[in-house]
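Just below is one structure, and these are the notes that go with it.
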Amino acid sequence: MIEDEKLPFTAHLEELRKRLITVFIAVGVGFVAAFGFKEYLFKILVQPLVNVMKEGETLIYTGLPEAFFTYLKVAFLTGLIVASPIILYQFWMFVAPGLYRNERRMMAPIVLLSSFFFIGGALFGYFIVFPWGFEFFLGFATETIRPLPSMKEYFGFSAKLLLAFGLVFELPLVLTFMARLGIVSVDFLKKNRKYALLLFFAGAAILTPPDVITQIMMALPLMVLYEISIIGARVFGKKKPKDEAETPKAEESKA
């Protein structure tokens, strides 16, 4: 029996409000701290592009306030990433009251693994996908066509990819947790592997820019993460009662 199932709906809304306030404060603190290093942080963010640009090429900004607002966004993105463990913790704690007591014990490792996978996904995008993707895009330059990437465009492009890779890398944790709750099973995941593959490529086409390279570089890790999810579901998934597991075998012997 779920312990807090008698709580009124307003109590859940109040709990959600408190969690959101904590998230906003955490992101705000991260934003203020990061703003003092905005130029250095943007330099780190743009480094994968600089590494593949030709000598003498630089980023530009076409509007007077563009650089200032880009620095604001960089500070906000940094604050969001720094506060991601707190954000994930607040999310799982909001979900926790609807779980059984033995399931709540998983919250601490889930929060740690959520942060690990999110940051790991962002780092994968930064160190693996960015160099390949930027080199691909700059490869269209010719003697008469010169790339002039702007600060605003680059930030929007890179921020979208970093957040997308961070979120999709949560797949093993989400599926393992669903298996633990009995929502999915190992057999279900194996049976629907081909449909998952189709969804990965469709999702990658939505989350990444319209080019084949970045789509494939998102879809391939998702395939690996899906296989890891199957392993996680097998190890940590909800076990069937012995009588249910033995019933099919008994019926087969009778037949």
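The values are calculated or read from the model by the stated rules, or taken from the named source; none is laboratory data. Just so it is clear, the structure is predicted and the values come from calculations on it, not from any experiment. As a convention, Cβ positions derive from the backbone with ideal geometry for all residues, glycine included, and neighbour counts pool all protein chains shown.
Can you name every residue in region 232-247 that is surrounded by fewer than 13 Cβ atoms within 10 Å (Cβ to Cβ), in a helix (DSSP H, G or I) and at pLDDT 50 or above? Of everything in region 232-247, those that are surrounded by fewer than 13 Cβ atoms within 10 Å (Cβ to Cβ), in a helix (DSSP H, G or I) and at pLDDT 50 or above turn out to be 235, 242, 243, 244, 246, 247. Any residue at all in region 24-39 that's over 21 Å from residue 126 (Cα atoms), of a type outside the set (Lys, Arg) and crowded, with 17+ Cβ neighbours inside 10 Å? The answer is yes; a qualifying residue exists.
Just to check your reading of the model, which residue among 180, 101 is in contact (Cβ under 8 Å) with a residue 60 or more places away in the chain, charged (D, E, K, R) and not assigned by TED's automatic domain parsing to the domain that holds residue 57?
On the way: 101 fails: not assigned by TED's automatic domain parsing to the domain that holds residue 57.
Answer to the check: 180.
Number of residues in region 60-89 that are modelled with pLDDT of 90 or more, surrounded by fewer than 20 Cβ atoms within 10 Å (Cβ to Cβ) and farther than 15 Å from residue 163 by Cβ equals 13. Say whether the condition of being at pLDDT below 90, exposed (fewer than 14 other Cβ atoms within 10 Å of the Cβ) and at positive phi is met by at least one residue in region 181-197. Yes, region 181-197 contains a residue that is at pLDDT below 90, exposed (fewer than 14 other Cβ atoms within 10 Å of the Cβ) and at positive phi.
Scanning region 133-151 for residues that are over 21 Å from residue 66 (Cα atoms) and part of a helix (DSSP H, G or I) gives 133, 134, 135, 136, 137, 138.
State yes or no: is residue 33 over 22 Å from the mean Cα position of the chain (by Cα), modelled with pLDDT of 90 or more and of a type in the set (A, V, I, L, M)? Full working, then the answer.
Details: over 22 Å from the mean Cα position of the chain (by Cα): yes; modelled with pLDDT of 90 or more: yes; of a type in the set (A, V, I, L, M): yes.
Criteria met by residue 33.
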